[in-house]
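Enquirer: Quick one: the structure is below, and I'll ask about it shortly.
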Amino acid sequence: MLKHGKHEGTRVFITGATGFVGGALARVLAWQGAEVHALARANADRSALNDVPITWHEGDVTRPDSLNGELAKATRIIHAAGRLGEAGVPETTYRQINVEGTRNVLEAALKAGSKTRVLHVSSAGVLGRTSREPATEERPYAPNNPYERSKVAAERVALDYAAKGLPVVVARPGLIYGPGDHHVLKLFRAIRDERFFYIAGGQRLCHPTYIDDVVAGLLACLDNGRLGETYHFTGPRPVTFRELAETIALTLGVRRPWLNLPGWPVLAGASCLEAVGRIAKWRPPLSRNGVDFFRADRVFSWRKAQAELDYTPAHDLATGIGLTVTWYQRNGLL
């Protein structure tokens, strides 16, 4: 359990606080007594954190001039800003935000002479597809799409700065879900509306990770991770997409998904939808990267984090899905 008062007196600077993970970190750190400062664009929606004592600083990770000053005052820095994987986003956009944004934040910290610890929030997706055996942090990079390639490049930037002497630790969360998320919400809605279908029987493995477990792991990494090291943070066990979908359906009280389609026709259909989307300036409901996600195993070992940081995920799938559905329904999202 995260302890109240654990970060009392700590001044934390967070990028990406208006996002799912960054916002959850900001909320817990404030509850634990930290003085939380956060970077946000002028037009960013900060309403989810209206009840959290945060000092906001207007800026953007792609604008180096907006990063000067505050980083030198922090005793902890969390870089959680980034662009999530979505259909139709140009690779140049991912590189500008995820790669150059990371470089800008870490360069500002280095120039400030900051000796404070820096947590770079990466993604287990840098390893791409895995076998059915959980992949460790030593597995070579194997990105499969523009988003994953940008996260690899960003992680390399972070490790380069660690080699320069900046006290950087890298965290790789798995597939994150939970209260506050609007990305995986699409999956819950598709299952509720009986629009979700299996690809190749839904037997591929994913590694769902409840947000509270992610926050606990990231804060342990921020405080105690070995500098220049990388740590995975995932849920207790990998599950098949069929088990994930059926658990969501059972919790929602709807019919379990039943339609099963072979991969290649779905991939061809997604390719056509993407082509139409490019012409019509429209975001397709299905993308090739989305199809690929359901056609491959992606499982990761959290044993290094357990051994070095005492990390053990506390939320099994049924518990986490139950808490998530309750929050969605309470907030009128499902």
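The values are calculated or read from the model by the stated rules, or taken from the named source; none is laboratory data. Computed from a predicted structure; not experimentally measured. Cβ atoms come from the backbone with ideal geometry, glycine included; neighbour counts cover every protein chain shown.
Let's see how each residue does on (1) of a type in the set (G, A, S); (2) in contact with a helix residue (DSSP H, G or I) (Cβ under 8 Å, 6 or more places away or on another chain); (3) under 22 Å from G22 (Cα atoms); (4) surrounded by 15 or more Cβ atoms within 10 Å (Cβ to Cβ):
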site	(1), (2), (3), (4)
K115	no, no, yes, no
E148	no, yes, yes, yes
K151	no, yes, yes, yes
P173	no, yes, yes, yes
G178	yes, yes, yes, yes
A190	yes, no, no, yes
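Enquirer: Show the residue pairs meeting these rules: Cβ distance below 9 Å; 6+ apart or different chains; first residue within segment 314-330 and on the phi > 0 side of the Ramachandran plot and in contact (Cβ under 8 Å) with a residue 12 or more places away in the chain; second residue charged (D, E, K, R) and in a loop (DSSP other than H, G, I, E, B).
Expert: Partner pairs satisfying both residue conditions: none exist.
Enquirer: Same structure again: Check L119, L127 and return the single one that is under 25 Å from V214 (Cβ atoms), of a type outside the set (D, E), in contact (Cβ under 8 Å) with a residue 40 or more places away in the chain and in contact with a helix residue (DSSP H, G or I) (Cβ under 6 Å, 6 or more places away or on another chain).
Expert: L119
Enquirer: Looking at (1) outside any helix (DSSP H, G or I); (2) touching a residue at least 24 places away in the same chain (Cβ under 8 Å), can you tell me which one P140 breaks?
Expert: (2)
Enquirer: Say we look at segment 246-257 and pick out the residues that are in contact with a helix residue (DSSP H, G or I) (Cβ under 6 Å, 6 or more places away or on another chain) and buried (at least 16 other Cβ atoms within 10 Å of the Cβ); which of these is farthest from A135 (Cα to Cα)?
Expert: L252
Enquirer: Give segment 15-73 a look and list any residue that's of a type in the set (D, E, K, R) and in contact (Cβ under 8 Å) with a residue 60 or more places away in the chain, or say none.
Expert: Across segment 15-73, the qualifying residue is only K73.
Enquirer: Next up: Quick check: anything in segment 213-220 at pLDDT 95 or above and more than 30 Å from G165 (Cβ to Cβ)?
Expert: yes
Enquirer: Test G88 against the stated conditions and say whether it is more than 26 Å from V36 (Cβ to Cβ), part of a loop (DSSP other than H, G, I, E, B) and under 20 Å from the mean Cα position of the chain (by Cα).
Expert: Details: more than 26 Å from V36 (Cβ to Cβ): yes; part of a loop (DSSP other than H, G, I, E, B): yes; under 20 Å from the mean Cα position of the chain (by Cα): yes.
In short, yes.
Enquirer: When the residues of segment 58-74 are filtered to those that are over 22 Å from L159 (Cβ atoms) and surrounded by 16 or more Cβ atoms within 10 Å (Cβ to Cβ), which remaining residue is nearest to the chain's Cα centre (by Cα)? Walk me through it before giving the result.
Expert: Within segment 58-74, the first condition is being over 22 Å from L159 (Cβ atoms), and the residues that meet it are 58-60, 63, 65-66, 68-70, 72-73.
Remaining after also requiring surrounded by 16 or more Cβ atoms within 10 Å (Cβ to Cβ): 59-60, 66, 70.
Values: G59: 21, D60: 19, S66: 24, E70: 24 Å.
Among those that are over 22 Å from L159 (Cβ atoms) and surrounded by 16 or more Cβ atoms within 10 Å (Cβ to Cβ), it is D60.
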